[in-house]
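To start, the structure under review is shown below, and the notes come after it.
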Amino acid sequence: MFSRAVRPTVSLARSLSTSSQNNAKVAVLGASGGIGQPLSLLLKNSPLVSHLSLFDIAHTPGVAADLGHIETRAKVTGHMGPDQLDAALQGCEVVVIPAGVPRKPGMTRDDLFNTNATIVATLADACARNCPEAMICIIANPVNSTIPITAEVMKKHGVYNPNRVFGVTTLDIVRSNAFVAELKGLDPARVNVPVIGGHAGKTIIPLISQCTPKVEFPADQLSALTVRIQDAGTEVVKAKAGAGSATLSMAYAGARFTFSVLDAMNGKEGVVECAYVRSEETECKYFSTPLLLGKNGIEKNLGMGNLSAFEEKLVADAIGELKGSIKKGEEFVANMK
């Protein structure tokens, strides 16, 4: 059940090979799944992590044993089942949550809601009790609702800090960079497209007008590119023909975001990532924009910047759906027994 889920200041490859040291304990909740295993592998390979705490409802000891044989510094511990969840989280500074069920052909992210909402609420409750000051990075879909769920659960415990709870939307940026680079013949490692809004369908708003390096597309190609970015998750679900959803690219994106958080916690300056967070940028309580990260999480919300008329319409079209998803998450927690 748990096996579901702005260019960084440094690339993922450099994060893996950097000589900087940190003594961060990082937990992956849902570590045995399609996202959790490759994500845990990438985290194990980083000198930024000193202790990798893996949790899932099945198979975690095997995943931990396998990763534990890798010749990098991070100690790996495996925790399995509800009775070991608290131990997995104690002392953690960063918690990454890819737990949940994956999308299958024909499913929307909202179809995942009931199962994944319960999982995320349970895990958020455990985080609130065991590591209330940790950076919480939610991958579990639908992110547009699971972030409000996490916030409301932590509020019940009196430990909610909006600067430390992130909906990981990095895969939308990664895809945008790859697709723009492909169309323009650029090195994707040098392309940066901010993506704002949410993390489902039309709430995903790539700001092509703010891409670096600057790129331009005819209106019809820009529209098609935007739709492809918004529907990229479905593209993978269809291509896997019922065998899963985006796991490897999501693991890459999750690792990239986690490394940026760890870099910022280590005192690195100028670390910017987009994420879906508590926000005053629009009439939605939660909204993704580029964020300047610091030692205590969000240091500054950098906002939407100057939008083109095309992008302004995308934002206007997304607001209603985002508000509905946020309300759905809040009501789920309000109605929990």
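Among residues of the range 272-297 that are within 18 Å of residue 171 (Cβ to Cβ), none has a Cβ under 8 angstrom from a residue that is part of a loop (DSSP other than H, G, I, E, B) and of a type in the set (Phe, Trp, Tyr) at a sequence gap of 6+ or on a separate chain. The number of residues in the range 3-41 that are open to solvent by 40 Å² or more (accessible area, probe 1.4 Å), modelled with pLDDT of 85 or more and within 29 Å of residue 101 (Cα to Cα) comes to 2. Return yes or no: is residue 96 in contact with a Pro (Cβ under 9 Å, 6 or more places away or on another chain), within 16 Å of residue 256 (Cβ to Cβ) and of a type in the set (Val, Ile, Thr)? Answer is no for this residue.
So which residues in the range 328-337 are more than 20 Å from the chain's Cα centre (by Cα) and open to solvent by 70 Å² or more (accessible area, probe 1.4 Å)? Selection gives 331, 334, 335, 336, 337.
Only strands (runs of 3 or more DSSP E) whose full extent lies in the range 248-304 are considered here, and the ones with at least 3 residues that are within 16 Å of the chain's Cα centre (by Cα) are 271-278, 286-294. Pairs are defined by a Cβ separation below 8 Å, a sequence spacing of at least 6 or placement on different chains, a first member in the range 317-337 that is within 15 Å of residue 287 (Cα to Cα) and at pLDDT 95 or above, and a second member that is open to solvent by 80 Å² or more (accessible area, probe 1.4 Å) and not in a helix (DSSP H, G or I); the pairs so defined are 319/283; 323/283; 326/285.
Looking at residue 120, is it open to solvent by less than 10 Å² (accessible area, probe 1.4 Å), within 16 Å of the chain's Cα centre (by Cα) and in the same structural domain as residue 282 (by the TED database)? Criteria not met by residue 120. The set of residues from the range 287-304 being in contact with a Pro (Cβ under 9 Å, 6 or more places away or on another chain), of a type in the set (A, V, I, L, M, F, W, C) and open to solvent by less than 30 Å² (accessible area, probe 1.4 Å) comprises just one member, 298.
I'm checking my understanding of the structure. Among residues of the range 143-181 that are more than 30 Å from residue 227 (Cβ to Cβ) and among the charged types (D, E, K, R), which one is farthest from the chain's Cα centre (by Cα)? Once the filter is applied, the top-ranked residue is 156.
I'd like the full set of residues that are buried (at least 18 other Cβ atoms within 10 Å of the Cβ) and more than 17 Å from residue 214 (Cα to Cα), limited to the range 305-316. Scanning the range 305-316 gives 314, 315. For the range 282-308, the set of residues classified as in contact with a strand residue (DSSP E or B) (Cβ under 7 Å, 6 or more places away or on another chain) and small (Gly, Ala, Ser) consists of 288, 297, 303, listed by residue number.
Checked against the criterion of being among the basic types (Lys, Arg), modelled with pLDDT of 95 or more and out of contact with any Phe, Trp or Tyr (no Cβ under 9 Å at 6 or more places or on another chain), the range 210-223 has at least one qualifying residue.
Where helices (runs of 4 or more DSSP H) sit wholly within the range 94-202, those with at least 1 residues that are over 18 Å from residue 322 (Cα atoms), of a type in the set (Gly, Ala, Ser) and in contact with a helix residue (DSSP H, G or I) (Cβ under 7 Å, 6 or more places away or on another chain) occupy 113-130, 170-184. Whenever a residue of the range 20-41 is outside any helix (DSSP H, G or I), its partners that are open to solvent by less than 10 Å² (accessible area, probe 1.4 Å) and aromatic (Phe, Trp, Tyr), lying with C-beta atoms within less than 8 angstrom and at least six residues away or across chains, give the pairs 27/55; 28/55; 29/55; 30/55; 31/55.
Name the one entry in 186, 222, 248 that is open to solvent by 70 Å² or more (accessible area, probe 1.4 Å) and hydrophobic (A, V, I, L, M, F, W, C).
Values: 186 fails: open to solvent by 70 Å² or more (accessible area, probe 1.4 Å); 222 fails: open to solvent by 70 Å² or more (accessible area, probe 1.4 Å).
Within the list 186, 222, 248, the selection yields 248.
The values are calculated or read from the model by the stated rules, or taken from the named source; none is laboratory data. Owing to the predicted nature of the structure, the values given are computational and were not obtained by experimental measurement. Counting neighbours? That spans all protein chains shown, and the Cβs are built from the backbone with ideal geometry, glycine included. What goes into the accessible areas is simple: the full protein's heavy atoms, side chains included, and nothing from ligands, DNA or RNA. Shrake-Rupley method; radii C 1.70, N 1.55, O 1.52, S 1.80 Å.
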